[in-house]
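*Asks:* I'd like to ask some things about the structure below.
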Amino acid sequence: MRPTISKNPSRLYLVTPPLIEAPFKWVETLAATLDGGDVACLQIRLKGLDDDALARIVDILRPPAQQRGVAVLLNDRPDLAFETGCDGVHIGQGDSSYAEARKAVGANGIVGVTCHASRHLAMEAGEQGADYVAFGAFFPTETKETEFHADLDLLHWWTELFTIPCVAIGGITVNNCRPLVQAGADFLAVCGGVWNHPDGPAAAVRNFNKILTGE
């Protein structure tokens, strides 16, 4: 049985910082952050590492998340996701195909697909069996270069017609997330909005959860 990536109410989908220099130390920050409130998913997104280095970091970050019931997804690498015990993988349009990702993680693994701002890509991913589709970027972001810009109409359209969960991504913060929740985003994928929060990442998670639960 796949780990649950259920719809409604909106939940937090946490993405790691793009660089983690001291993972054995940083994992303490991760644990404290996850203890700040409900987090549905942790995507480990680290570029430029060889397979061994990436696997070692996954082995450090995965356990505290899974122990808290947080699904752990590896970005881009279905093969390593399975080998390192992750719950699934997130793939972009330039990465592995859905079929390759599904074969790698198995029938019970989670496969999420980046769909940018494309209704066609989202419907295609849904038809293939994706566990969620990710739309963005909704706001300017410093985490990665973006050439696609999504709008709220896309979220309204998807959630009115389809049952597959959707993830909103791109520059999301405590201050700008409410319209995305109101538009029907099932998950808010957040990176800098948590790790760079002025009061610290645990406080960011608490504040996001207040909004997501309608407080």
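The values are calculated or read from the model by the stated rules, or taken from the named source; none is laboratory data. Please read these numbers as outputs of a predicted model, since none were measured by experiment. No Cβ is skipped: glycine too gets one built from the backbone with ideal geometry, and neighbour counts run over all protein chains shown.
*Asks:* Please enumerate the residues belonging to the stretch 169-212 that are in contact with a Ser or Thr (Cβ under 9 Å, 6 or more places away or on another chain), part of a loop (DSSP other than H, G, I, E, B), in contact (Cβ under 8 Å) with a residue 12 or more places away in the chain and not aliphatic (A, V, I, L, M).
*Replies:* Correct list: Gly170, Gly171, Cys177, Gly184, Asp186, Cys191, His197.
*Asks:* Moving to a separate point now. Among Gly88, Gly92, which is of a type outside the set (A, V, I, L, M, F, W, C) and surrounded by fewer than 16 Cβ atoms within 10 Å (Cβ to Cβ)?
*Replies:* Gly92
*Asks:* Hey, can you tell me all the residues within the stretch 12-28 that are under 18 Å from the mean Cα position of the chain (by Cα) and farther than 15 Å from Gln66 by Cβ?
*Replies:* Across the stretch 12-28, the qualifying residues are Leu12, Tyr13, Val15, Pro17, Pro18, Leu19, Ile20.
Residues are listed down the side, and each one gets a yes or a no for (1) more than 24 Å from Pro17 (Cβ to Cβ); (2) touching a helix residue (DSSP H, G or I) at 6+ places or on another chain (Cβ under 6 Å); (3) at pLDDT 95 or above; (4) surrounded by 16 or more Cβ atoms within 10 Å (Cβ to Cβ):
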{"position": "His120", "(1), (2), (3), (4)": "yes, no, yes, no"}
{"position": "Ala125", "(1), (2), (3), (4)": "yes, no, yes, yes"}
{"position": "Ala150", "(1), (2), (3), (4)": "no, no, yes, yes"}
{"position": "Ile172", "(1), (2), (3), (4)": "no, yes, yes, yes"}
{"position": "Asn175", "(1), (2), (3), (4)": "no, no, yes, no"}
{"position": "Asp186", "(1), (2), (3), (4)": "no, no, yes, yes"}
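*Asks:* Still on this structure, please answer the following. For the stretch 30-45, state whether one or more residues are more than 23 Å from Gly170 (Cβ to Cβ), in contact (Cβ under 8 Å) with a residue 60 or more places away in the chain and assigned to a helix (DSSP H, G or I).
*Replies:* Yes, some residue in the stretch 30-45 is more than 23 Å from Gly170 (Cβ to Cβ), in contact (Cβ under 8 Å) with a residue 60 or more places away in the chain and assigned to a helix (DSSP H, G or I).
*Asks:* Regarding the stretch 66-82, can at least one residue be identified that is closer than 23 Å to His149 by Cα and either among the basic types (Lys, Arg) or assigned to a loop (DSSP other than H, G, I, E, B) (or both)?
*Replies:* Yes: the stretch 66-82 contains one or more residues that are closer than 23 Å to His149 by Cα and either among the basic types (Lys, Arg) or assigned to a loop (DSSP other than H, G, I, E, B) (or both).
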